[in-house]
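Undergrad: Before I ask anything, let me first share the structure, which is written out below as structure tokens.
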Amino acid sequence: MKRLCTICARGGSKGVPDKNILPLARKPLIAHSIEQAHASGLFTAVAVSSDSRDILEAARVAGAEVLIVRPGEMAGDTAPKLPVIRHAVLEAEKRLGIEHEILVDLAVTSPIRLPEDIAGAVDLVENGGAGNVITGSPSRCPPYYSLVEIDAGGVARLSKPLDPPPTRRQDVPACFDMNGSVYVWRRHPFVVAPYLFDDNTRLYEMPRERSVDIDAEFDFAIAEMLLTRLPPRRRPPLR
């Protein structure tokens with residue numbers, strides 16, 4: 001089965017300037033995702049889309065096979081990601097001369113996933129009957145129990161109250177925080193009309209320690225600690 005991996009990395013990060021190429025555990029942040037994709041052994045190619053020449057060069061050095069210059073209208077702060085992924089898929093396929101059956105997008109800001117996480121998410125689509133797959137970890141603040149909203153009068157209320165109210169965290173329905181680490185689609189429905197949720201979307205569960213999403217300096221520090229202190233069998237190899 002032909003599978004394509006995309007990694008979309010914009011150059012204009014506000015929270016952490018140039019975060020996609022900052023060194024993390026002795027390599028640029030983007031290199032972690034590229035190496036994990038290769039280590040999974042699943043893909044005909046890894047395609048990186050960016051508006052930054054520096055990011056594309058770092059991706060080339062890390063082994064990405066297809067480098068795509070993102071159009072300016074897809075590179076702004078408010079540009080949605082799904083059209084960017086679709087553009088990367090179609091451009092990569094044009095250059096490679098083949099269409100892929102399975103599309104996988106990896107978030108560059110999720111460097112602690114394992115190749116096994118990628119393979120597990122893909123397996124849910126190929127062999128588990130899923131239409132598409134998102135990834136997430138058990139929620140730290142279930143909306144039924146500990147997530148609150150402030151109403152117009154300034155009163156704090158549960159976001160999703162149950163009747164009767166639960167007395168234990170274990171009594172509420174299972175909830176997950178999307179971590180954005182891995183997305184998987186079958187090609188045809190996605191390129192026709194990119195989507196995130198439909199009636200057959202499944203979730204591949206990842207533990208919290210592999211679900212860090214780098215959006216701030218604090219997240220960088222946590223990721224560095226996890227990558228360098230976790231036992232070797234629990235983290236990607238450092239090259």
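Undergrad: Please go through (1) in a loop (DSSP other than H, G, I, E, B); (2) assigned by TED's automatic domain parsing to the domain that holds Ile102; (3) over 29 Å from Ile112 (Cα atoms) for Asp198 and return the number of the only condition it doesn't satisfy.
TA: Exception for Asp198: condition (3).
Undergrad: Looking at segment 158-175, is at least one residue surrounded by 18 or more Cβ atoms within 10 Å (Cβ to Cβ) and out of contact with any Cys (no Cβ under 8 Å at 6 or more places or on another chain)?
TA: Here is the first cut: in segment 158-175, the residues surrounded by 18 or more Cβ atoms within 10 Å (Cβ to Cβ) are none.
There is no residue in segment 158-175 that is surrounded by 18 or more Cβ atoms within 10 Å (Cβ to Cβ) and out of contact with any Cys (no Cβ under 8 Å at 6 or more places or on another chain).
Undergrad: Pairs, please: C-beta under 7 Å, at least 6 apart or cross-chain, first residue part of a helix (DSSP H, G or I) and in segment 59-79, second β-branched (Val, Ile, Thr)?
TA: Going by the 7 Å Cβ cut-off, the qualifying pairs are Ala59/Ile30; Ala59/Ile34; Ala59/Val48; Ala62/Ile30; Ala62/Ile34; Met74/Val84.
Undergrad: Go through segment 80-108 residue by residue and tally those that are in contact with a helix residue (DSSP H, G or I) (Cβ under 7 Å, 6 or more places away or on another chain) and over 12 Å from Ser49 (Cα atoms).
TA: So the count comes out to 6.
Rundown of residues vs (1) among the charged types (D, E, K, R); (2) surrounded by 12 or more Cβ atoms within 10 Å (Cβ to Cβ), yes/no style:
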{"position": "Pro143", "(1), (2)": "no, yes"}
{"position": "Leu147", "(1), (2)": "no, yes"}
{"position": "Gly153", "(1), (2)": "no, no"}
{"position": "Ala156", "(1), (2)": "no, no"}
{"position": "Asp177", "(1), (2)": "yes, yes"}
{"position": "Trp185", "(1), (2)": "no, yes"}
{"position": "Asp199", "(1), (2)": "yes, no"}
{"position": "Ser211", "(1), (2)": "no, yes"}
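Undergrad: Can you tell which of Gly120, Gly72 is in the same structural domain as Leu227 (by TED's automatic domain parsing), more than 15 Å from Tyr183 (Cα to Cα), surrounded by fewer than 24 Cβ atoms within 10 Å (Cβ to Cβ) and not hydroxyl-bearing (Ser, Thr, Tyr)? Give the steps one after another, and end with the answer.
TA: Numbers: Gly120 fails: more than 15 Å from Tyr183 (Cα to Cα).
On inspection, the qualifying residue turns out to be Gly72.
Undergrad: Here's a follow-up. Pro143 fails exactly one of the following numbered conditions: (1) farther than 26 Å from Leu22 by Cα; (2) in contact with a helix residue (DSSP H, G or I) (Cβ under 9 Å, 6 or more places away or on another chain); (3) assigned to a loop (DSSP other than H, G, I, E, B); (4) not aromatic (Phe, Trp, Tyr). What is the number of that condition?
TA: Status for Pro143: all satisfied but (2).
Undergrad: For Val104, are the conditions met, namely being aliphatic (A, V, I, L, M) and outside any helix (DSSP H, G or I)?
TA: Working: aliphatic (A, V, I, L, M): yes; outside any helix (DSSP H, G or I): yes.
Yes.
Residues checked against (1) within 20 Å of Asp215 (Cβ to Cβ); (2) among the polar types (S, T, N, Q):
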| residue | (1), (2) |
| --- | --- |
| Ser13 | yes, yes |
| Pro17 | yes, no |
| Ala25 | yes, no |
| His32 | yes, no |
| His38 | no, no |
| Ala58 | yes, no |
| Val66 | no, no |
| Gly72 | no, no |
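The values are calculated or read from the model by the stated rules, or taken from the named source; none is laboratory data. Only a predicted model underlies this, so the values are computations on that prediction, with no experimental measurement involved. Here the Cβ is made from the backbone with ideal geometry for all residues, glycine too, and neighbour counts use every protein chain on show.
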